[in-house]
Amino acid sequence: MEKVKCVIYGVGAIGRMLSKALLEKDGFEIVGAVDVDPNKVGKDLGEVLGLNRKLGVVISKDADKVLEETKPNVVFHMTSSFLSKVFDQLMGIVKHGVNVVSSCEELSYPYISNFKLALELDKAAKKHGATILGTGINPGFLMDTLVITLTSPCLKINSIKVTRQMNASTRRGPFQKKIGAGLSVEEFENKIKSGIISGHVGLEQSISLIADALKVKLDKIVVEPVKPVISDKYVKTDFVEVNPGMVAGLNQTARGIVSDRDFITLIFTAYVGAPEEYDAIDIDGIPEIHQRISPCVHGDWGTISMLINMAPKAIESPPGLLTMKDITVPHCVLSDVREYLKH
Ligand SMILES: NC(=O)c1ccc[n+]([C@@H]2O[C@H](COP(=O)([O-])OP(=O)(O)OC[C@H]3O[C@@H](n4cnc5c(N)ncnc54)[C@H](OP(=O)(O)O)[C@@H]3O)[C@@H](O)[C@H]2O)c1
């Protein structure tokens, strides 16, 4: 069987990390790369990845041309968090009949982000025989797919609480900036108001994904405003300096409500200097289930792994717009990816 031909769509931080990982994985072959950044367009992917060799893959801004010429089996799509922004990009991919695995947060449950656009994507994917899947670590796994899986041994569920707490000190500089670390409270509030800091994108999608899988009809989803985490100590990372009283990061809570009761609660906290980091899932049910991953799963490694590991699933799945709840039990692609494909 031929290698699985892949196109990298979005050669940003995640796209570069994923590309390097793919080069080490048996059975994958990168045949094309797409990006709009003028600093990358026209360059060999190997150069942009900081390798000492060329890969013979020139980054192009013309996705149509790349897809036409390379005829890939799957596109790894990593450009934006918002469905409205990626809609045309995804339509452009599926019209070539090519499967796509995307890190777009809103695509993890697109029906809540924009129902009309989601239906259009589903229709186009089915028409052209392609699969679209939004995945990632969060949304995509830790606060939704893993939660859904953990409900399997339950007979009854009263409520579900999921907490992800990250120590941002060990994360990339852009991430530390994105959560407001090092700002005064006033600067933080201003950046929230102007949309420069958006908080975590995906809590609403994760809640919807869980509720859809469990067939629980939520009365509403409440996403509380993003709150700053104020530092009570001096913290210095490679990228920011935080004095006591300054913002160390952010906290956000979302709740899926049934009959005035919180049925699903998701709490996301990320700040520099956090004393511990963990992912916790607490299911109040019969039986009750308490799961804790400590330290928490590394976001970037988790994201690129989810995208790579879901690629054979997307290739094998029937055409259409899928979410993680439609995927057969997810797992690591440990062997040559072709061993996970039927033909
Ligand atoms: N679901 C999850 O768990 C998860 C986890 C991590 C990241 N993400 C999401 O994945 C996306 C990628 O993350 P990142 O950190 O790699 O972001 P990034 O560093 O900003 O990279 C995005 C890249 O895509 C390019 N791009 C933007 N619009 C494009 C278009 N229309 N066609 C082709 N290329 C385009 C950007 O170019 P310019 O810089 O010139 O715009 C940039 O090079 C983000 O939306 C991020 O929030 C999701």
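The values are calculated or read from the model by the stated rules, or taken from the named source; none is laboratory data. Just so it is clear, the model here is predicted, and its values are computed rather than measured. Here the Cβ positions follow ideal geometry from the backbone for every residue, glycine too, while neighbour counts run over all protein chains shown. Each accessible area value is taken on the protein alone, full model and side chains, heavy atoms only, with ligands, DNA and RNA left out. Shrake-Rupley method; radii C 1.70, N 1.55, O 1.52, S 1.80 Å.
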Which of the residues spanning segment 1-51 are more than 21 Å from the chain's Cα centre (by Cα), within 11 Å of the ligand (Cβ to nearest atom) and surrounded by 15 or more Cβ atoms within 10 Å (Cβ to Cβ)?
40, 41, 48
Is it the case that residue 138 is more than 16 Å from residue 313 (Cβ to Cβ), away from the ligand (no atom under 16 Å from the Cβ) and touching a Gly at 6+ places or on another chain (Cβ under 7 Å)?
no
I need every pair where a residue in segment 100-123 that is free of Cβ contacts under 8 Å to residues at least 40 places away in the same chain and in a loop (DSSP other than H, G, I, E, B) has its Cβ under 7 Å from the Cβ of a residue that is within 11 Å of the ligand (Cβ to nearest atom) and among the hydroxyl-bearing types (Ser, Thr, Tyr), sequence separation at least 6 or different chains.
104/80; 104/81
Can you tell me which of (1) closer than 26 Å to residue 198 by Cα; (2) within 15 Å of the ligand (Cβ to nearest atom); (3) surrounded by 21 or more Cβ atoms within 10 Å (Cβ to Cβ); (4) at pLDDT 95 or above is the one residue 113 doesn't meet?
(4)
Among the strands (runs of 3 or more DSSP E) lying completely within segment 263-343, list those that include at least 2 residues that are out of contact with any Ser or Thr (no Cβ under 9 Å at 6 or more places or on another chain) and assigned by TED's automatic domain parsing to the domain that holds residue 167.
289-293
Given (1) farther than 24 Å from residue 257 by Cα; (2) over 15 Å from the mean Cα position of the chain (by Cα), residue 159 misses just (1)
Please list, ordered by residue number, the helices (runs of 4 or more DSSP H) wholly in segment 13-94 having 3 or more residues that are touching a helix residue (DSSP H, G or I) at 6+ places or on another chain (Cβ under 7 Å).
13-23, 63-70, 83-94
Any residue in segment 132-143 that is in contact (Cβ under 8 Å) with a residue 24 or more places away in the chain and open to solvent by 10 Å² or more (accessible area, probe 1.4 Å) sitting within a Cβ distance under 8 Å of a residue that is near the ligand (Cβ under 8 Å from one of its atoms) and not in a loop (DSSP other than H, G, I, E, B)? List the pairs, counting only those 6 or more apart or interchain.
137/299; 137/302; 137/303; 137/306; 138/299; 138/302; 141/302; 141/306
Among (1) more than 25 Å from residue 180 (Cβ to Cβ); (2) at pLDDT 95 or above, residue 343 falls short only on (2)
